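What follows is one structure encoded as structure tokens, with my remarks underneath.
The values are calculated or read from the model by the stated rules, or taken from the named source; none is laboratory data. Worth saying up front: this structure is predicted, and the values here are computed from it rather than measured. Methodologically, a virtual Cβ is constructed for each residue, glycine included, from the backbone with ideal geometry; neighbour enumeration extends over all protein chains shown.
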Amino acid sequence: MRLFKDSIIIACFIAIFCLVSCNMNNNSSNPSNTDEPSTTITTPSDDNSTTKEDETETMKLTLKIDDMEVDVIWSDNDSVKALKNLAKDGLTINMSKYGGFEQVGSIGSTLPSSDTRITTNPGDIVLYSANQIVIFYDSNTWSYTKLGHINLSKSELTDLLGDKDVVVLLNLK
């Protein structure tokens, strides 16, 4: 008799287990049967900001040195993308002569950088310490992030940058 009662109890546990398992399978295969509310996560999007960001990427970054626009080949990197974002409303940088071979000026913000040791050439534009732009009219070796290159000769660059401090204006067109 004891064996019979134990068998019935075990059979009941197995039946309950099977019913619970079947119910769980039905709920998971048909989400409308679940007792828990369905949650959909949506991220609000500001179409206007996305459009402005896309426009910024496709716009051309221009550089003027003391009101003279110069032709620049810009690098394709995160530093230049961030610089373009800063220049969308115009960015004025007061530059100072340094070392007889470069002009240096603070951006007023920190940009992403990936400094590597390079030897610059006249016309190179680099990011130094993630917050300063340097424009070379001669060469130097140091760790910088390359931003671009001005298409002028060494003598043209020396005439433009070598005599006095200059003001650089960055804009988007």
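Taking the stretch 78-131, which residues are at negative phi, small (Gly, Ala, Ser) and in contact (Cβ under 8 Å) with a residue 40 or more places away in the chain?
Quick first cut of the stretch 78-131, residues at negative phi only: 78-89, 91-98, 101-107, 109-122, 124-128, 131.
Now narrow it down to the ones that are small (Gly, Ala, Ser): 79, 82, 87, 96, 105-106, 109, 113-114.
Correct list: Ser79, Ala87, Ser96, Gly105.
In this structure, is Ser155 among the hydroxyl-bearing types (Ser, Thr, Tyr), in a loop (DSSP other than H, G, I, E, B) and free of Cβ contacts under 8 Å to residues at least 40 places away in the same chain?
Details: among the hydroxyl-bearing types (Ser, Thr, Tyr): yes; in a loop (DSSP other than H, G, I, E, B): no; free of Cβ contacts under 8 Å to residues at least 40 places away in the same chain: yes.
In short, no.
If you check Lys88, Lys97, which single one turns out to be under 23 Å from Asp67 (Cβ atoms), at pLDDT below 95 and charged (D, E, K, R)? Spell out how you get there, then give the answer.
Values: Lys97 fails: at pLDDT below 95.
Among Lys88, Lys97, only Lys88 is under 23 Å from Asp67 (Cβ atoms), at pLDDT below 95 and charged (D, E, K, R).
Could you check the stretch 151-173 and list, in sequence order, the residues that are within 19 Å of Ala82 (Cα to Cα) and surrounded by 15 or more Cβ atoms within 10 Å (Cβ to Cβ)? It would help to see each step written out before you state the result.
Of the residues in the stretch 151-173, the ones within 19 Å of Ala82 (Cα to Cα) are 168-173.
The answer is Val168, Leu169, Leu170, Asn171, Leu172.
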